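Notes follow once the structure below has been shown.
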Amino acid sequence: MAIYGIDCGHTMSGADYGAVGIKAESNLTREVGTKVISKLQALGHTVIKCYKDSCSSLNDSLSYRTNTANNNNVDLYVSIHFNCYNGSAYGSEIWTHGGKSFKEASRVLNNIVSLGYANRGIKNGSNLYVIRNTKMKSMLIECCFCDNSSDMDRYNADKMADAIVKGLVGSEIKEQEGEKNEMENIVCYNNQVDKRAAEYLADYLKCPTIDNKAVPFDYSRIKNVYGVGGGKFSCYAKVIGANTDRWGVIKGVLKFCKKL
């Protein structure tokens with residue numbers, strides 16, 4: 001069994017209090033993080049709580065988290081956060097050292113995206129204090145945006161915690177009877193040229209988009225997979241705008257959306 005260092009990001013007061021959007025980040029990180037801890041412990045894993053609720057300074061808060069993880073020789077350090085920007089940004093992302101994708105990070109991100117959030121990818125977190133100062137494999141999860149109404153409407157703490165735990169341990173947690181583990185639609189693309197058309201289609205379908213090349217994704221769990229533009233797509237994808245130029249892709253999407 002593994003030893004996990006779980007960090008519910010930020011403090012409940014003071015210099016490291018989290019962002020405030022529609023909901024307060026500090027409350028959300030504990031809502032999800034404590035569930036992650038309980039679920040991991042129920043599976044027999046050892047969990048080291050790498051966070052504190054108050055601090056004398058930002059450095060006091062951050063150093064406590066990394067020192068706790070390092071001193072307890074955890075196998076994997078996981079810091080749980082929620083993004084906040086301008087109310088319009090949305091989706092989920094994970095930060096790792098050098099932006100490297102490793103199996104737990106990829107699985108966690110895929111699982112969160114399968115809940116309906118946009119995939120913002122795995123990013124370079126080498127400059128983040130908790131990534132830079134932990135000795136073991138580490139990741140910082142930005143679950144979604146706490147100031148975006150769509151993300152917050154979709155948010156469910158228990159489902160978010162399940163997605164994280166399943167990704168960490170690489171196995172399924174028994175789901176509630178009758179609960180579906182399937183997303184209706186997803187739109188994927190292979191390059192930035194086709195991204196805008198993909199986002200337009202996703203808005204029409206009210207579903208997330210995913211950069212097909214960002215991280216591996218299990219499309220078999222999605223009812224309808226739409227590929228927009230050029231490049232190779234999963235065998236599950238219905239491709240719109242293949243073998244044409246940029247304007248052909250746009251026309252294909254508009255026609256699908258019954259705008260032409």
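Quick rundown of the values:
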item	result
The stretch 95-136, subset among the aliphatic types (A, V, I, L, M) and more than 19 Å from Cys188 (Cα to Cα), residue farthest from the chain's Cα centre (by Cα)	Met136
One residue from Ser92, Ser26, Ser61 being modelled with pLDDT of 95 or more and over 20 Å from Ser138 (Cβ atoms)	Ser26
Residue within the stretch 35-42 that is touching a Ser or Thr at 6+ places or on another chain (Cβ under 8 Å), over 19 Å from Ser138 (Cα atoms) and either open to solvent by 10 Å² or more (accessible area, probe 1.4 Å) or not in a helix (DSSP H, G or I) (or both) present	no
Check on Ile6, in contact (Cβ under 8 Å) with a residue 60 or more places away in the chain and not polar (S, T, N, Q)	yes
Any hit, the stretch 137-147, residues being at pLDDT 95 or above, surrounded by fewer than 18 Cβ atoms within 10 Å (Cβ to Cβ) and out of contact with any helix residue (DSSP H, G or I) (no Cβ under 8 Å at 6 or more places or on another chain)	no
Among (1) part of a helix (DSSP H, G or I); (2) open to solvent by less than 60 Å² (accessible area, probe 1.4 Å), the one test that Lys123 misses	(1)
Hey, Arg154 within 26 Å of Cys207 (Cβ to Cβ), surrounded by fewer than 17 Cβ atoms within 10 Å (Cβ to Cβ) and in contact with a Gly (Cβ under 7 Å, 6 or more places away or on another chain) or not	yes
Residue within the stretch 152-162 that is out of contact with any Ser or Thr (no Cβ under 9 Å at 6 or more places or on another chain) and of a type in the set (Phe, Trp, Tyr) present	yes
Test result for Thr66, modelled with pLDDT of 95 or more, farther than 12 Å from Leu140 by Cα, among the hydroxyl-bearing types (Ser, Thr, Tyr) and not in a strand (DSSP E or B)	yes
In the stretch 215-239, residue modelled with the highest pLDDT [restricted to those that are outside any strand (DSSP E or B) and open to solvent by 50 Å² or more (accessible area, probe 1.4 Å)]	Gly231
Neighbours by Cβ (under 6 Å, 6+ apart or cross-chain): first from the stretch 122-135, under 17 Å from Gly5 (Cα atoms); second among the hydroxyl-bearing types (Ser, Thr, Tyr)	Val130/Thr66; Val130/Ser79; Ile131/Ser138; Asn133/Thr66; Thr134/Thr66; Thr134/Tyr77
Cross-chain or 6+ apart pairs with Cβ under 6 Å, the stretch 221-250 first and over 13 Å from Cys207 (Cβ atoms) and touching a residue at least 24 places away in the same chain (Cβ under 8 Å), then of a type in the set (D, E, K, R) and surrounded by 15 or more Cβ atoms within 10 Å (Cβ to Cβ)	Gly229/Asp194; Val249/Asp194
Filtered residues of the stretch 183-207 (kept if more than 18 Å from Asn243 (Cβ to Cβ) and either among the charged types (D, E, K, R) or open to solvent by less than 10 Å² (accessible area, probe 1.4 Å) (or both))	Glu184, Ile186, Val187, Lys195, Arg196, Glu199, Ala202, Asp203, Lys206
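The values are calculated or read from the model by the stated rules, or taken from the named source; none is laboratory data. As the structure is a prediction and not an experimental result, all values here were calculated from the model. Neighbour counts are summed over all protein chains in view; Cβ atoms, including those assigned to glycine, are modelled from backbone coordinates with ideal geometry. The accessibility values were calculated without ligands, DNA or RNA, using every heavy atom of the protein model including side chains. Shrake-Rupley method; radii C 1.70, N 1.55, O 1.52, S 1.80 Å.
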